[in-house]
Amino acid sequence: CLDCHKEGEKGFEAAGKIHAELAGLSTTYANAVAAQDEVRRIGMDDVDIGFMLQDAHQSLIQARTLVHTFDPARVKTTTDEGARKATEALEAAAAQVRDFHARRRGFGMATLFTTVLVIALFLRIRQIESR
């Protein structure tokens, strides 16, 4: 855009707005992909997150195509939809990570309880045998 448009021109301003929208969506999408990778790494379900990211990626592709309309409003509509989907994916990933940690705490508590029970039974059996 800078080859044909100089600062202060209407085309330059439109290009700046379009660039900002695309950069915002790209950043949000990249963050959501990183969050999905974390969900995969910890072994949680990422299928729904993947579908949301596919929709966000599709919006990113459409927005990049809409650059050629030179209409920042049309690009913004598409990038807003993509950002919404990417944000949903981020929220779903965060929920999966929270669920993972809750499960880990629950497993730890169950393990602790079982260990205490086994030790108590061992000591009780020793006490009975010593009589």
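Structural remarks
- Some residue of segment 105-113 being without any contact (Cβ under 8 Å) to a residue 24 or more places away in the chain and within 30 Å of LYS17 (Cβ to Cβ): no
- Contact annotation: residue pairs with Cβ atoms under 9 Å, 6 or more positions apart or on different chains, pairing a residue in segment 76-93 that is touching a residue at least 60 places away in the same chain (Cβ under 8 Å) with a partner that is of a type in the set (Val, Ile, Thr) and part of a helix (DSSP H, G or I), are ALA86/THR28; ALA86/VAL33; LEU90/THR28; LEU90/ILE49; ALA93/VAL39; ALA93/ILE49.
- Exactly one residue among PHE12, PHE51 is part of a helix (DSSP H, G or I), of a type in the set (Phe, Trp, Tyr) and within 28 Å of ARG103 (Cα to Cα), and that residue is PHE51.
- Residues of segment 94-131 that are acidic (Asp, Glu) and either at pLDDT 95 or above or open to solvent by less than 50 Å² (accessible area, probe 1.4 Å) (or both): ASP99 alone.
- Matching option when the condition is more than 30 Å from ASP99 (Cβ to Cβ), under 25 Å from the mean Cα position of the chain (by Cα) and either open to solvent by less than 90 Å² (accessible area, probe 1.4 Å) or touching a residue at least 60 places away in the same chain (Cβ under 8 Å) (or both), among ALA23, ALA56, ALA73, ALA30: ALA23
- In segment 76-93, the residue that is nearest to the chain's Cα centre (by Cα) out of those that are polar (S, T, N, Q) and open to solvent by less than 60 Å² (accessible area, probe 1.4 Å) is THR87.
The values are calculated or read from the model by the stated rules, or taken from the named source; none is laboratory data. Remember, it's a predicted structure, so these values are computed and weren't measured experimentally. Positions of Cβ are backbone-derived with ideal geometry, glycine not excepted, and every protein chain shown enters the neighbour counts. Keep in mind that these areas ignore ligands, DNA and RNA; they rest on the heavy atoms of the full protein, side chains included. Shrake-Rupley method; radii C 1.70, N 1.55, O 1.52, S 1.80 Å.
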